[in-house]
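What follows is a single structure, written as structure tokens, with notes after it.
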Amino acid sequence: MCGIIGYIGPKPVVPLLLEGLKRMEYRGYDSAGVAVVEGAQITTRRAVGKIAKLESLLTKEPVAGTMGIGHTRWATHGPPTERNAHPHRSTDGSVVVVHNGIIENAPALRATLKELGYTFTSETDTEVIAHLVEEMFDGSLEEAVANALKKLEGTYGIAVMSEKDPGKIVAARKGSPLLVGLGDGENFLASDASAILAHTRQVVYLNDGDLVVVEKDRYHITDIDATPLPRKVDRIDWDLAEIERGGYPHFMLKEIFEQPQTVENTMRGRLIVEDGTSKLGGLNLTHEQLMAIDNIVITACGTSWHSALIGEMMIEELCRIPVEVEYASEFRYRNPIINERTLCIVISQSGETADTLAAMREAKRRGARTLGLVNVVGSTIAREDDGGIYLHAGPEIGVASTKAFTSQVIALALFTLKLARKRGLSVTRGMAIAQALAALPAQIQQVLDQAQAIEDIAEEYKRASNFLYLGRGFEFPVALEGALKLKEISYIHAEGYPAAEMKHGPIALIDELMPVVFVAPHDAVFEKVVSNLQEVRARKGRIIVITSRPEPALDGLVDYEIRIPETEDMLMPVLAAIPLQLLAYYIAVKRGSNVDQPRNLAKSVTVE
Ligand code: G6P
């Protein structure tokens, strides 16, 4: 979603801002803009569409300076037009603001400010901040921003500059991530570490309620009542190469192909094969606390919600603890039955999804212990949970989640193994699962080696208007995930369904134009799925099957077969998801979609 970048130092700021904005393109946006301090004046340039449009505008109408802020906007209030693009300016032009988040009381503030004589030029909620800061200004920008923030309800990450108090960028956060990047005689501000990684690895993550004044050789963090706050300096431990495409045509393809390593990284140092268990350093749960868990709630959104469904089945089967999976957006507004004997597992690649974060806070408020399965180190969920398992999958840039999904399933398996062994799972059974986990990276490679065959299938079906994905047991969430991948990036309508449930509706859609993907490895429910497959065939549906053995029962029934290696049933989703990722990828590429930045989607959804 929206991205913020800021710079103050000795270097020309425009290339730095543009580079930072490009690094955040993956988050999803529909317009962009910059504000640059030029002598005593601040000049803004804004453009609808991709950063390239802003870049060509800046070539035609250049601005120059060594201090500025930039923004990518994902439209919430008002369409993606130039007038609605950030930065926004106050009525007298002295204040410029970029903002991520939503100001909920913007309509009321807008009315009050209009009465005071302020003129609005956009439909955004953000514009009220600019006028409000102008209204509050009395010589100090940080004081004006702090006083303006006291009037705001909602969420924000903001960066503000003023012509009347030059030499500083004032930024603040409540519910929308921001960090300060520390350089030598220069400092940065960003909503996403990848925006500044090329320049510094030293960062200070802001907490909700923090306000920071960034100057070129100092920064100062306080709360909005000006009380100084100590914040530690962190080091980003990933490389620039990890956020670059490395020879692949798209980040998504790179990330799909990285999965042998990323899955290995999620397990590294954690799997204890000889004891059939795992070691999870960040769990922060004592033996007694683990034994005292009465029930588990897993909450997440999107792809992470699909891995949660797999986690539910693993935990219930091996640990015999009741598990419920909830969409975070639903959970936060229900009256869930949880207490201090509930463990709330929160799954989020980004660690910033607004609904997931709110659900976690709600669970904490009700006394549950929270455990975050998060990929982005230092993200808000990772900092606020009671314990965590980092995925260590490295930065995921493609909007459609791939390697984070498989790492989430692995992290859930590691956790299940640990809990199950404490709760009575035999060492022999634990060892079998641990061995199966250890074998996965090589097995993933075997699946990836079939990419060409999958591309051929994509060629055949690239013009389809609908797709159905069916699976049972552990493969039902995989069917959901396969359908989600396809619709996200190819814009083909796709549905995932439990294979047998198909008879209660989707079967009506089946004809010779409907491709049906069966996720049917040879697991406990294979025979049942074959019956469902016959039902589709009888109605002339086109069948692609993901299976794990040569099966006479499939002869003559299927159009295409993709063979994956066999593993424990609970780990099969890791292998079964990969051909579906590739199928979605190749179909989308063949249809000419922007695979890494599909329309309307955002990588990290920081608004409700
Ligand atoms: C967005 C992304 C999805 C992701 C979901 C949850 O919709 O496009 O890929 O699965 O958010 O994100 P999270 O970072 O919480 O896993």
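Brief remarks on what is shown
- Qualifying residues in the range 391-416 (those that are more than 24 Å from Tyr26 (Cβ to Cβ) and aliphatic (A, V, I, L, M)) - the one surrounded by the most Cβ atoms within 10 Å (Cβ to Cβ): Ala413
- Residue pairs whose Cβ atoms lie under 6 Å apart, separated by 6 or more positions or on different chains, with the first residue in the range 555-579 and closer than 17 Å to Ala438 by Cα and assigned by TED's automatic domain parsing to the domain that holds His522 and the second open to solvent by 10 Å² or more (accessible area, probe 1.4 Å) and in a helix (DSSP H, G or I), are Pro565/Gln443; Pro565/Gln446; Thr567/Ala436; Glu568/Ala436; Leu571/Ala436; Leu575/Gln443.
- When Leu601 is tested against (1) open to solvent by 10 Å² or more (accessible area, probe 1.4 Å); (2) more than 16 Å from the ligand (Cβ to nearest atom), exactly one condition is not met: (2).
- Leu480 fulfils the conditions (1) within 16 Å of the ligand (Cβ to nearest atom); (2) over 23 Å from Val263 (Cα atoms); (3) open to solvent by 10 Å² or more (accessible area, probe 1.4 Å); (4) in a helix (DSSP H, G or I) except for a single criterion, (2).
- Qualifying residue in the range 385-407 (condition: without any contact (Cβ under 8 Å) to a residue 40 or more places away in the chain and either over 27 Å from Leu253 (Cβ atoms) or outside any loop (DSSP other than H, G, I, E, B) (or both)): yes
- Filtering the range 301-314 to residues that are more than 6 Å from the ligand (Cβ to nearest atom) and in contact (Cβ under 8 Å) with a residue 24 or more places away in the chain leaves Trp305, His306, Ser307, Ala308, Leu309, Ile310, Gly311, Met313, Met314.
- Just one residue in the set Arg27, Arg83 is charged (D, E, K, R), open to solvent by less than 20 Å² (accessible area, probe 1.4 Å) and under 29 Å from the mean Cα position of the chain (by Cα); that residue is Arg27.
- Answer residue from the range 340-357, given it is touching a residue at least 40 places away in the same chain (Cβ under 8 Å) and part of a loop (DSSP other than H, G, I, E, B) and is farthest from the ligand (Cβ to nearest atom) among those: Arg341
- Inside the range 391-426, residues that are touching a Cys at 6+ places or on another chain (Cβ under 8 Å) and within 15 Å of the ligand (Cβ to nearest atom) make up a count of 0.
- Any hit, the range 381-390, residues being at positive phi, open to solvent by 10 Å² or more (accessible area, probe 1.4 Å) and either at pLDDT 95 or above or more than 10 Å from the ligand (Cβ to nearest atom) (or both): no
- Flag if Val97 is assigned to a helix (DSSP H, G or I) and open to solvent by less than 10 Å² (accessible area, probe 1.4 Å): no
- Qualifying residue in the range 536-545 (condition: under 23 Å from Glu312 (Cα atoms) and under 30 Å from the mean Cα position of the chain (by Cα)): no
The values are calculated or read from the model by the stated rules, or taken from the named source; none is laboratory data. Because the structure is predicted, anything quoted here is derived from the model rather than measured. Using ideal geometry, Cβ is built from the backbone for each residue, glycine included, and neighbour counts are taken over all protein chains shown. Remember, those area values only see protein heavy atoms, side chains included, never the ligands or the DNA or RNA. Shrake-Rupley method; radii C 1.70, N 1.55, O 1.52, S 1.80 Å.
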